[in-house]
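The values are calculated or read from the model by the stated rules, or taken from the named source; none is laboratory data. Keep in mind it's a predicted model, so treat the numbers as computed, not measured. Counting neighbours? That spans all protein chains shown, and the Cβs are built from the backbone with ideal geometry, glycine included.
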Amino acid sequence: MAQNPKPADAAAPRLGKQLKRSFFDRSVHEVAPDLIGATLLVDGVGGIIVEVEAYHHLDPAAHSFRGPTPRNRVMFGPPGFTYVYRSYGIHWCVNFVCEKEGSASAVLIRALQPSHGIAAMRRRRGQQDERALCSGPGKLCEALGITIKHNELPLDQPPIVLHARVGRLDVAAGVRIGITKAVNLPWRYGLKGSRFLSKPF
């Protein structure tokens, strides 16, 4: 008699409570490190957030620094929504809008440790190495199927679900990557020692 197959991602870690939009209604510098260890799922595919960057509206590296545009308008709205943009005309990047309406601050999601839907990620990325599936903002968007259609979506309703981290962990901080302004600000946060980072601290 045939045995029932094991479910995909049988070793997926335990999920914490679902995060609500109110989680993002505070300083971007509080939200960013608190996202390390949280699990991001898009249509059930995703993983543990291991690296992020904070962008504040007074920060010259932030897209909102010079004011609202058709592209960045969601950053000026209420917290708890996605801001998706195209980087260098090639890759999609996903950000989570934080702080009160009008603040225009956000957290860029830079890297995930894959935990759910890994087979789907491998198909989308054409990549078998688990460490390379989500080790960068463009890579993780491709792996999770995030495109401009996910722009301005709430972070507490399908297709996007976020679960709080479970247990304590060590968060590293350092300078952000790939920017030319405000380069010395230590606003990049990551899971210390993770092999899934886009770049070591």
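Brief remarks follow.
- Tallying residues that are in contact with a helix residue (DSSP H, G or I) (Cβ under 7 Å, 6 or more places away or on another chain), modelled with pLDDT under 95 and in a strand (DSSP E or B) within segment 67-91 yields 2.
- Among the residues making up segment 11-52, those that are among the hydrophobic types (A, V, I, L, M, F, W, C), at pLDDT 95 or above and either in contact with a helix residue (DSSP H, G or I) (Cβ under 7 Å, 6 or more places away or on another chain) or farther than 22 Å from Arg176 by Cα (or both) are Leu19, Phe23, Phe24, Val31, Leu41, Val42, Val45, Ile49, Val52.
- Filtering segment 53-91 to residues that are hydrophobic (A, V, I, L, M, F, W, C), out of contact with any strand residue (DSSP E or B) (no Cβ under 6 Å at 6 or more places or on another chain) and in contact (Cβ under 8 Å) with a residue 12 or more places away in the chain leaves Ala61, Phe76, Ile90.
- Options Val107, Val50, Val94; residue that is β-branched (Val, Ile, Thr), in contact with a strand residue (DSSP E or B) (Cβ under 7 Å, 6 or more places away or on another chain), part of a strand (DSSP E or B) and free of Cβ contacts under 8 Å to residues at least 60 places away in the same chain: Val94
- Residue match in segment 154-161 (condition: crowded, with 19+ Cβ neighbours inside 10 Å, under 25 Å from Arg14 (Cα atoms) and in contact with an Asp or Glu (Cβ under 9 Å, 6 or more places away or on another chain)): yes
- Within segment 92-117, the set of residues being surrounded by fewer than 24 Cβ atoms within 10 Å (Cβ to Cβ), in contact with a Cys (Cβ under 8 Å, 6 or more places away or on another chain) and either farther than 22 Å from Gly193 by Cβ or at pLDDT below 95 (or both) comprises Trp92, Cys93.
- Total residues in segment 27-47 satisfying the condition of being assigned to a strand (DSSP E or B) and either surrounded by fewer than 24 Cβ atoms within 10 Å (Cβ to Cβ) or polar (S, T, N, Q) (or both): the figure is 4.
- Within segment 118-130, residues that are closer than 17 Å to Leu40 by Cα and at pLDDT 95 or above sit with their Cβ atoms under 6 Å from residues that are hydrophobic (A, V, I, L, M, F, W, C) and not in a helix (DSSP H, G or I), at 6+ positions apart or across chains, in these pairs: Ala120/Val45; Met121/Leu133.
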